[in-house]
Amino acid sequence: MAANLDELVNMQGVILAFEFTRDGTCTSYKDVTRKMAAMICRFCAAVTMNFNALASGFTELSEQEWVPQQGWIYVGGSHTVILGKGGYRGVFAKSDQVHIDQVFAALAD
């Protein structure tokens, strides 16, 4: 069962949590300002949209199943972004503290 945002921000290494719609509208957030949450959601919606397009195209080209998207993960610098629920619920975390597999499982539908 998917964790709620309160449970997500209490996981080791997680800094903030958020959820958004396909158009990037932030529907809920935890441990971040409204303005920052709105920016994060717009950014992550764009990445999710790109991955959806790539997955559809790659499914056709490779004749392997790449859809539906389950989520995505980006690690850069000292931070990690983990998205689940099809790419529409996520967290930002400290890379050296987060257990990526546990958080991704908690983000599942």
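The values are calculated or read from the model by the stated rules, or taken from the named source; none is laboratory data. This structure is a prediction, so every number in the text was calculated from the model and none was measured. Cβ atoms come from the backbone with ideal geometry, glycine included; neighbour counts cover every protein chain shown. For accessibility, only protein heavy atoms count, side chains too; no ligands or nucleic acids. Shrake-Rupley method; radii C 1.70, N 1.55, O 1.52, S 1.80 Å.
Some observations on this one:
- Positions within segment 1-38 being out of contact with any Cys (no Cβ under 8 Å at 6 or more places or on another chain) and of a type in the set (Asp, Glu), in sequence order: Asp6, Glu7, Asp23, Asp31
- Qualifying residue in segment 20-29 (condition: open to solvent by less than 60 Å² (accessible area, probe 1.4 Å) and touching a residue at least 24 places away in the same chain (Cβ under 8 Å)): yes
- For segment 63-75, the candidate set comprises residues that are of a type in the set (S, T, N, Q) and within 20 Å of Ala105 (Cβ to Cβ); within that set, the residue that is least open to solvent (accessible area, probe 1.4 Å) is Gln69.
- On the stretch given as segment 84-99, residues that are closer than 23 Å to Cys26 by Cα and either in a helix (DSSP H, G or I) or open to solvent by 20 Å² or more (accessible area, probe 1.4 Å) (or both) total 7.
- Counted residues, segment 67-83 - those being over 14 Å from Gly13 (Cα atoms) and either assigned to a strand (DSSP E or B) or of a type in the set (Phe, Trp, Tyr) (or both): 5
- Checked against (1) in contact with a Gly (Cβ under 6 Å, 6 or more places away or on another chain); (2) of a type in the set (A, V, I, L, M); (3) open to solvent by less than 40 Å² (accessible area, probe 1.4 Å), Val81 passes all but a single condition, namely (1).
- Residue tally, condition over 24 Å from Leu5 (Cβ atoms) and open to solvent by 50 Å² or more (accessible area, probe 1.4 Å), over segment 47-62: 7
- Within segment 30-46, if we keep just the residues that are in contact with a Leu (Cβ under 7 Å, 6 or more places away or on another chain) and either outside any strand (DSSP E or B) or at pLDDT below 95 (or both), the residue that is surrounded by the most Cβ atoms within 10 Å (Cβ to Cβ) turns out to be Cys44.
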